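Below you'll find the structure, written out as structure tokens, and then a few comments.
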Amino acid sequence: MGMQGDFLQLLKEQGYTLGSPAAGGAGHTLTNATTILAFKYRDGVLVAGDRRATAGNMVMYDRTDKVLEIDRYSVMAIAGVPATAYEMVRVLEHSFKYYRRTQLQELSFDGKLRAVSKLLKDNVPAALAGTGAVVPVFAGYDVEQGAAKIYFYDILGAEFEGAEYAVSGSGSPTIRGILHYLNTWGPQPLNTLPEEEAMVQALRLLTSAAEFDSATGGINRESSLYPVMKLITGAGVQTVPDATLKPLFESQVVRYV
Amino acid sequence: MYEEPYRWVEAVGNRRQYLDEQFKQGSPVVALTYDGGILLATVSKGTPKLYEIYDRLALAGMGHPTDLEKLRFSLLEMAHVEGFNRSPSDVTGSRLVKYGIAPVIKQAFEEVYKAPFIVRILVAELGSKQEKDAFLTINYDGTFEETTARAVLAANPAVQVKMLSYLKENTPATLSLEQGLDLALRTWAIGSLAHQQQDESEHQTGTESSTGGATSSAAAVPNSDTLITHIRGTAGERTVECAVLERQAPGSSKYRPLKSGDLSRLLPKSLQSVVAG
């Protein structure tokens with residue numbers, strides 16, 4: 001049994017369950033709300049997310065990290081209940097490592113996608129009870145095929161390939177339209193954008209989302225609060241430091257009238 | 001018949017003899033700290049002998065591959081469940097060994113109706129600083145030893161002592177990866193030559209009893225050329241297998257096997273011929 005390298009199965013054998021539904025949870029205001037986005041650019045995928053966590057009209061925290069590195073080549077951006085989402089990321093992180101170390105080879109990209117689906121499926125009761133819905137975007141670089149890939153999910157675990165871009169969270173309807181417009185009628189398709197321009201677009205998109213969605217945190221220069229942004233290329237996942245985002249934001253996102 | 005205490009002691013004694021016999025043909029393993037982390041090196045034939053266990057833990061083994069696999073899986077299981085349920089920093093080599101596999105190995109060794117594990121195991125743990133790097137070696141009877149700076153696996157204690165003293169004498173104040181690799185392979189050769197010599201001298205004393213002098217000369221440390229020739233002689237049918245735990249590696253997993261490209265970059269000219277491919 002253990003020879004298959006399935007970490008979740010191992011946990012379950014020891015009595016672990018992910019996200020058991022809490023009765024009457026629907027009445028409570030839970031921490032959630034977000035804008036996350038992922039799109040393909042010239043060198044790979046860019047994944048970014050705002051940093052606000054809210055519960056109803058309360059801002060719980062303004063420095064949340066919603067773009068989480070699972071391994072060297074994959075990232076999960078999370079929208080929904082953070083408690084469940086963080087737990088899922090922890091399970092995935094350990095699952096991929098456990099698979100690699102036991103089987104002495106990397107889990108395939110498709111195998112990683114299935115692992116995400118399986119977790120979401122296990123989480124359905126909690127999601128429907130209103131205490132643990134998570135709507136992630138999974139992005140990564142398929143080393144074997146040499147291609148960047150983006151997938152998004154619904155709360156039941158259905159997996160959709162977002163060919164060029166994917167969005168999730170309360171602020172996402174605003175920017176979904178912008179992404180569609182940019183990609184279809186913009187000066188150039190998103191997947192041909194060079195790195196710096198891709199970063200500028202991501203900053204603009206998140207700023208737009210924050211403009212129309214109170215649950216999405218904007219960029220706050222006074223407290224040097226910038227979104228979390230990660231680039232995934234053939235060289236692996238790389239986090240864009242605030243020092244890079246700051247000048248881009250100041251020169252190309254802020255409008256001085 | 002093992003109910004009688006004497007029989008049991010005798011059976012365990014036989015077991016020791018049998019197990020000692022199993023490691024004679026084995027390839028030694030060398031582990032040492034260098035300025036950037038821990039280096040593990042051996043020369044393997046077919047099945048690999050070095051493995052990743054957890055973020056900062058590596059495993060090396062001698063003995064039967066299937067037994068090693070069994071123990072490797074239980075180490076992996078324990079490490080990952082603990083790392084998930086508590087935190088990665090709670091996964092320590094010493095806990096995994098002392099409360100995890102050492103008791104299992106001891107029990108298998110003493111249950112004379114069942115098969116023992118034919119293994120000698122080395123667990124290397126990368127600390128936050130070089131002083132905190134640690135090594136654990138476990139014998140087939142479940143006894144373990146904790147050391148710092150260096151550790152080896154070999155067919156018997158005499159060879160281990162020989163290898164360790166060579167390592168100690170030849171370790172400078174700071175050791176780069178290149179120097180460490182060179183030193184590790186030379187130490188491997190010390191052990192491997194000692195295995196050969198012991199094997200030969202046993203054969204000789206078995207057939208003719210006139211070569212008592214040959215065994216005493218085997219105790220001398222072979223010179224550098226002999227060592228290099230011995231390492232070179234292994235190329236072809238065997239492969240040099242090396243791995244590092246790198247303190248500065250990006251991400252949480254610090255283990256990295258050295259591929260033939262890395263080896264040809266790191267090895268001295270005199271040993272280039274051992275790189276496969």
> How far apart, in nm, are the 7 Å Cα→Cβ label points at B:E200 and A:S251?
Replying inline: 7.1
> Which residues does a label at A:E161 reach in segment A:92-130, if reach means a backbone N under 11 Å from a point 7 Å past the Cα toward the Cβ?
Replying inline: A:110
> From Cα coordinates alone, what are the radius of gyration and Dmax values for chain B in angstrom?
Replying inline: 19.3, 63
> Relative to the present Cα-Cα distance, how much length would full extension add between B:A158 and B:K98 at 0.36 nm per residue of separation?
Replying inline: 19.1 nm
>> Among B:L57, B:S264, B:S44, which residue has its Cα furthest toward the positive end of the charge dipole of chain B, with +1 on Lys/Arg Cβ and -1 on Asp/Glu Cβ?
In response: B:S264
> Under the definition of Cα pairs under 8 Å and six or more residues apart, what whole-number percent is the relative contact order of chain B?
Replying inline: 24
>> What FRET efficiency comes out for A:D142 versus B:N85 if R0 is 25 angstrom and r is the Cβ-Cβ distance? Round to the nearest 0.05.
In response: 0.20
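Mind checking A:93-102 for the average number of partner chain beta-carbons within 10 Å of each residue's beta-carbon?
Across A:93-102, the average partner-chain Cβ count within 10 Å equals 6.
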>> Once you place label points 7 Å from the Cα toward the Cβ at A:M58 and A:T17, how far apart are they in nm?
In response: 2.7
> How long are the three semi-axes of the equivalent ellipsoid of the protein assembly as shown, in whole Å, if each is the root of 5 times an eigenvalue of the C-alpha gyration tensor, listed from largest down?
Replying inline: 54, 28, 18
>> I need the calculated FRET efficiency for the pair B:A249 and A:D242, taking r as the beta carbon distance and R₀ as 25 Å, to the nearest 0.05.
In response: 0.60
>> Between B:K132 and A:D65, what is the label-point separation in nm under the 7 Å Cα-to-beta-carbon projection?
In response: 1.9
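Multiply the residue gap between B:A220 and B:T148 by 0.36 nm, knock off their C-alpha separation, and tell me the result in nm, one decimal place.
Numbers: separation 72, 0.36 × 72 = 25.92 nm, distance 2.60 nm.
Extra length from B:A220 to B:T148 when fully extended: 23.3 nm.
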> Dividing the convex hull volume of the alpha carbon atoms of segment A:33-252 by its residue count, what do you get in Å³ per residue?
Replying inline: 116
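Only the coordinates and a few stated rules stand behind these numbers; no lab work does. Please read these numbers as outputs of a predicted model, since none were measured by experiment. FYI the Cβ positions are ideal-geometry reconstructions off the backbone, even for glycines, and counts take in every protein chain you see.
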